[in-house]
Amino acid sequence: MVDIREKINKTQLQIVESTEGPLLVVAGAGSGKTRVIEYRVLHLIQKGIPAHQILLLTFTRRAAQEMLLRASRHDRRCSAVEGGTFHSFSYKLLRQYGNRIGLKDFSILDEADALDAVNVCLKESGYAVSDKDFPRKDYLRKMFSMQVNKRISLDKVLEDEYPDFVDYQSQIEELGKRYKNYKKSKQYLDYDDLLAEAINLLTQEKVLCNHMGERYNYLMVDEYQDTNPLQAELTFLLGKTHCNVMAVGDDAQSIYGFRGASHRNIMEFPQKFPGCKILKLEANYRSHQKILDVANAVLLNMRNKYSKCLKAVQAHIGEVPQLLIFRGDRSEAEWITEKIQSLKHQGFDYQKQAILFRSAYISIPLQAQLSRMGIPFQVYGGMKFYETAHVKDLLAHLKVMANPADDISWMRIFTLLDGVGPKTAGKIIAGFKHPKAKEVTDMIKDFSQEKKKIGQLLSGVADYYYPLLKEKFEDWRQRSSDIDALLEIAENYDSLVEFLADFALDPPEKAVNQDANKKQETLTLSTIHSAKGLEWDCVFVLGLMDGVLPVSFSLSNDERIEEEMRLLYVAITRAKVKLHLVAHYEGFSSGTNQFHKISRFLDSPAVMAHLSQKAIFE
DNA sequence: TTTCGACGTCTTTTT
DNA sequence: GACGTCGAAA
């Protein structure tokens, strides 16, 4: 048996042993938060709590799996602990008990589908036709989402986030209702509905709510600073009977405001659970002090100062982080690529290095250079392979097998056919006979009747789709490798419904599970958002220019600027040994040469004092 | 009714 | 650079 006391510090131990009653843990970056959760799970199990009574809710499913995997290395019983995201938990809950509130055979609308659905409603309404300034589908979808996630009225959403559109309030409101009805008529739930309906269920079915409370007697929520009011409510409903709820988070790392998250949530936690104990983890085990000095200095510019100040545990004094300024992105990419190679020779394998950025496009020149030099890398964040047209095309065929009422997918399927556009597709859906459509519908009908394995099902569809793929895309060769990857993933499933749900709720990060056997060391390229909770020896942060980080459209709103600031803070605190902040002053956008200024977050004496500056032109 | 090309607009982050 | 819109041609 592991002696936990030997593995962690005093405060951490206190957290591990405070199993009863509400507990808020404010855990600074690199303060061993993951470790604490790992050992807390272990402690509960060793105390004799049955694994199925413990629930761990995290931000990504990967994070939950990681922590539970670590815990189960000490004690195998930990592997039976339930863990996942709020969304996947809600999904399971609704699958099991949704019929009590009239939700039986629903399907999940992923973000792209939701956008299509909003578009259908928009087209029906005719609003946009008469007015060019009317908000587009993506804006509308964001407004509706914000409204649900923050549990506020539409006029508040417009006032706070979309002041340009306040004049359209009544039309938008009407569209919102239309979208709602549309989803209802087709038995669709979008991501927000999953949470909202789970709350609905637990609120309406008091007995069930109590039952869930008894079932999950110990609740832990990670990354609490990035939960939104909806998730806070769900936490409350699940925890109110026993109050053995631990929330872990760091208000200085709250970076999901665009999803309705608020750092205020974490402040309000003690009010929701009276008698809440609050413990802080401030000692940083990850980075040396020179890196933390920069991180602390960045936050000094916040209007509301944070009480925490990161202190390194390491005695070792490391190198002063560097600010590197280049002329253009080409020279930048070349220099970084060389640096990465030289760091590798110094003993920092590619695996120990990462390139972080605000927006995925920033990394494209570097990706090109890395490929040229044959450096293996993986990209996290940005455009995902499951969002690409060909993957969506293929999946649409499976979706209608699971849910024949899924018109959005039918639309996709029919418009793939030569000579069929939206109008004709609409007619076919309405029952119109069309020779070309018959082939697909027959295939789909056959496939849904035969009880095939998911892998076979998908490869059948793929055979049908290949000719269309070749015709539609120039780069069909590359795209077809994604399809192979998809086939591989599908092999692991027996249930179509589960496959589709998993794909929506926990989509694979990358296209190919790259040649599993040659799991060679790769460099990580990641958006800062996707780098949350991770760490590397050497970190390069790209795009430290005003307009990139902070991103230009955050500049009109103080709260948003501060979120950008926290984003930089998150990026900096990922580094253990070496940190490079990178900018280039010549940029190219919307057809003209632009001269970037260095990010305002660095452009202050307090921050600059902790950086060594190296300007490298050409 | 579809398709294609030209032009203007907005450009992010994720379950 | 992607996406939506508009007009022209098939």
Item checked: Sequence-distant aspartates and glutamates (8 or more away, or on other chains) whose Cα lies within less than 13 Å of A:LYS7 -> A:GLU38
Note to self: Below 16 Å, Cα to Cα, which lysines can A:LYS433 reach? Residues fewer than 8 away in the same chain don't count.
What the structure shows: A:LYS423, A:LYS445
Checklist line | For region A:77-218, the fraction of alpha-carbon pairs in successive 10 Å shells from zero, as % | finding: 11, 36, 30, 16, 6, 1, 0
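Stokes-Einstein at 10 °C, 1.306 mPa s, Kirkwood radius from Cα pairs: D for chain A in µm² s⁻¹?
60
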Margin query: For region A:422-440 and region A:114-186, what is the centre-to-centre distance using only Cα atoms, to the nearest Å?
Written below: 29
Item checked: Members of A:LYS104/A:LYS183; A:LYS104/A:LYS240; A:LYS92/A:LYS186; A:LYS10/A:LYS578; A:LYS180/A:LYS472; A:LYS183/A:LYS451 lying beyond 23 Å, as alpha-carbon distances in this model show -> A:LYS104/A:LYS240; A:LYS10/A:LYS578; A:LYS180/A:LYS472; A:LYS183/A:LYS451
Next item on the list: Output the antiparallel fraction of DSSP beta bridges having both residues in chain A, as a percent to the nearest 5.
Entry: 10
Note to self: For the pair A:SER495/A:LYS433, report the inter-label distance in nm, with labels modelled 7 Å from Cα in the Cβ direction.
What the structure shows: 3.9
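Please report, in debye to the nearest 20, how large the charge dipole of chain A is about its Cα centre when each Lys and Arg carries +1 at its beta carbon and each Asp and Glu carries -1 there.
Result for chain A is approximately 1060 debye, rounded to the nearest 20.
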Checklist line | Inter-part distance where region A:50-96 and region A:257-300 are each reduced to a Cα centre, Å | finding: 23
Next item on the list: Just flag the chymotrypsin sites (Phe, Trp or Tyr not before Pro) in region A:401-504 sitting in loop per DSSP whose Cβ has no more than 12 other Cβ atoms within 10 Å.
Entry: A:PHE432
Next item on the list: Can you work out the PRE-style zone for A:LYS280? Point 7 Å along Cα to Cβ, and I want the residues of region A:10-50 with backbone N under 13 Å.
Entry: A:25-29
Next item on the list: Report, in deg cm²/dmol and to the nearest 500, the calculated mean residue ellipticity at 222 nm for chain A, where each DSSP H run with n ≥ 4 adds -39500 (n - 2.57) and the sum is divided by the residue count.
Entry: -15000 deg cm²/dmol
Next item on the list: At a Cα cut-off below 16 Å, give the lysines reachable from A:LYS384, other chains included and same-chain residues fewer than 8 away excluded.
Entry: A:LYS392, A:LYS510
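All of the numbers you see were taken from the coordinates with simple rules; none came from a lab. As the structure is a prediction and not an experimental result, all values here were calculated from the model. All Cβ positions, glycine included, derive from the backbone under ideal geometry; neighbour counts span all protein chains shown.
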